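Everything on this sheet refers to the single structure shown next.
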């Protein structure tokens, strides 16, 4: 049995990982998908001062209070910022780290720095969800209905990185090749023997688009 802790992306929640979590649990694994503060079913907390540190603490506390160890930590998209910060605080609990079409931030970098735009106001609105991202209009509408605005502080806080994630024994990057998003992140990792790099032929929302294939890769991480 493997223990997974999954960090969802921006504007999302644990709901986006229901299919993958169900598959992994059906194979006997233990799966934790904490919804980050201010998002999903915790959107009622969005009026509080939520930052990147808050989200890091959400995940660290999930591991501490559930007494988790030998964790496979999985991060999607913005979740790469969170997971990198979690590694700084709780690397001893993590056996493997997986960046799924995710950011791997440098020291002193924020999400807003990478995006090249500093948001204003307490929250960042949900971006338009394209018609081509999901196989059916019903699925697109479901995602649009469940997505929630992102607390601005999670995008503007700069992360202090010592490189703890690099000292985790197993490191994996999974690239979604159906769009031009994270190829630049994956490219140097392909040349690094410390990393395993895999590809999935879909758009960015991999957990919803290819849950079976993704679960299979996570079982190898």
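Counting only residues that are surrounded by 21 or more Cβ atoms within 10 Å (Cβ to Cβ) and either out of contact with any strand residue (DSSP E or B) (no Cβ under 8 Å at 6 or more places or on another chain) or closer than 20 Å to residue 90 by Cβ (or both), the range 35-49 holds 1 of them.
Evaluate the following for residue 186: is it surrounded by 16 or more Cβ atoms within 10 Å (Cβ to Cβ) and farther than 25 Å from residue 29 by Cβ? Judged against the criteria, residue 186 is a match.
Listed here are the residues, each with its yes/no results for (1) under 16 Å from residue 9 (Cα atoms); (2) in contact with a helix residue (DSSP H, G or I) (Cβ under 8 Å, 6 or more places away or on another chain); (3) buried (at least 20 other Cβ atoms within 10 Å of the Cβ).
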{"residue": "98", "(1), (2), (3)": "yes, yes, yes"}
{"residue": "107", "(1), (2), (3)": "no, no, no"}
{"residue": "116", "(1), (2), (3)": "no, no, no"}
{"residue": "120", "(1), (2), (3)": "no, no, no"}
{"residue": "126", "(1), (2), (3)": "yes, yes, no"}
{"residue": "137", "(1), (2), (3)": "no, no, no"}
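When residue 18 is tested against (1) at pLDDT 95 or above; (2) touching a helix residue (DSSP H, G or I) at 6+ places or on another chain (Cβ under 7 Å), just one condition goes unmet, and that condition is (2). Would you point out the residue of the range 90-126, among those that are in a strand (DSSP E or B) and closer than 25 Å to residue 218 by Cα, that is farthest from the chain's Cα centre (by Cα)? Result: 95. Scanning the range 38-54 for residues that are modelled with pLDDT of 95 or more and closer than 14 Å to residue 155 by Cβ gives 38, 39, 50, 51, 52, 53, 54.
Taken over the range 191-211, residues that are assigned to a helix (DSSP H, G or I) and under 21 Å from residue 73 (Cβ atoms) amount to 4. Pairs linking a residue in the range 127-144 that is touching a residue at least 60 places away in the same chain (Cβ under 8 Å) to a residue that is in a loop (DSSP other than H, G, I, E, B) and surrounded by 14 or more Cβ atoms within 10 Å (Cβ to Cβ), with Cβ atoms under 7 Å and 6 or more positions apart or on different chains, are 133/203; 133/205; 143/129; 143/134. For the range 1-80, please list each of the strands (runs of 3 or more DSSP E) lying entirely inside it that holds at least 1 residues being touching a residue at least 40 places away in the same chain (Cβ under 8 Å). Ranges flagged: 3-7, 71-76.
The values are calculated or read from the model by the stated rules, or taken from the named source; none is laboratory data. Since this is a predicted model, take the numbers as computed values, not measurements. Backbone-built Cβ (ideal geometry, glycine too); neighbour counts: all protein chains shown.
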